[in-house]
Amino acid sequence: MQTPEKPTPKEEQMGMPERQAYSLNSRKVAEATRSWLEKRGIKIEEIAELVLFLQKKYYPGLTMEECVHNVEKVLEKREVQNAVLTGIQLDVLAEEGKLLSPLQEMIKNDEGLYGVDEILALSIVNVYGSIGLTNFGYVDKLKPGVLERLNDKSLGPVHTFLDDIVGAIASAASSRIAHNKQSEREVEIELPKEPGDD
Ligand code: MG
C-alpha cells in the first residue's frame, strides 16, 4: 500500500502536493515473476526437468515432484525475482525495438561479446552458493531441454536473457537439492551436533 508522504519545506513553499511514497509490494513482485515466465512460454515443469537432468546421476531416487518443489523455493527468493523481471523486460523491449542503439541491436541479435545476460543470471546462481556455478556452466554449454528451444533464433522471440535465467534457476534449484540432501544424510547417520547447530 502506498501512503502519502508529507511534502518537504521546499516543496511546501512551491505549493507542491503530498507525494505518494514508494513502498515495495513483495506479493506483487512474486506474482509478476510467475506471470512473466508463463507469458514468455516457460513452464515450471520444464525448469524442473533440467534440475532432474542435472541431479539424477547423484540422486537416483530424485523425483520430478521434488524438483518442482525446489524450483518453486528458488522462485520465492527476491534476488531471483529481481533478475527474472529485469531480464525478461529487456528481452521484451528488444523484441519490440524499444531499446536505444546500439544496445537494441546487441540484445536483439544476442551478440556474442555482450555478456550481461550471463552476469545477471549469476545473481540467481549465487543465492545457493558456488555449487550452482558448475551446473550453470554445464547447462549453458549443453543446452538441454527447454534451453534448446530458447536458443533457437529461427523461432522469432528474443530470449537473450531468458535462456540464462532459466538455466540459472535450474542450477540454483540443483544446488539447493545438494545442500538439503547433505543435511538429510547427516541426520540419518546422526552426526554429533556441533555447538550452535540448532
Ligand atoms: Mg543469453
Just to check I understand the Karplus step: with θ = phi - 60° and J = 6.51 cos²θ - 1.76 cosθ + 1.60, what whole-Hz values come out for segment 38-54, glycine and proline as x? 5, 4, 8, x, 9, 9, 4, 4, 5, 5, 4, 4, 5, 4, 4, 4, 6
Dipole of the chain (Lys/Arg Cβ +1, Asp/Glu Cβ -1, origin at the Cα centre): which of 165, 87, 104 lies farthest to the positive side? 104
Helix-only estimate, please: 222 nm mean residue ellipticity of the chain, summing -39500 (n - 2.57) across DSSP H runs of length 4 or more and dividing by its residues, to the nearest 500. -19000 deg cm²/dmol
Not counting the cut sites, what is the longest span of the chain without GluC sites (Glu not before Pro) that DSSP labels loop and that have at most 16 other Cβ atoms within 10 Å? 112-189
Can you list residues from other chains, or at least 5 along the same chain, whose modelled amide H is less than 5 Å from the amide H of residue 143? none
Once each part is reduced to its C-alpha centroid, what is the distance from segment 129-173 to segment 5-48 in angstrom? 27
Loop sites in segment 22-81: chymotrypsin sites (Phe, Trp or Tyr not before Pro), DSSP, at most 13 other Cβ within 10 Å: 22, 58
Report relative contact order for the chain in percent, whole number only (criteria: Cα-Cα under 8 Å, sequence separation at least 6). 24
Karplus ³J(HN,Hα) for segment 142-151 (6.51 cos²θ - 1.76 cosθ + 1.60, θ = phi - 60°; Hz, whole; x = Gly/Pro) runs 7, 6, x, x, 4, 5, 5, 5, 5, 8
Residues with amide H under 5 Å from that of residue 19, placed H, sequence gap 5 or more: 5
Rounded to whole Å and sorted largest first, what semi-axes of the equivalent ellipsoid does the C-alpha gyration tensor of segment 50-172 yield via the square root of 5 times each eigenvalue? 27, 15, 12
Looking at segment 27-102, which trypsin sites (Lys or Arg not before Pro) are DSSP coil and have at most 14 other C-beta atoms within 10 Å of their C-beta? 43, 56, 57, 98
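No value in this document is a laboratory result; all are computed from the given coordinates. Computed from a predicted structure; not experimentally measured. FYI the Cβ positions are ideal-geometry reconstructions off the backbone, even for glycines, and counts take in every protein chain you see.
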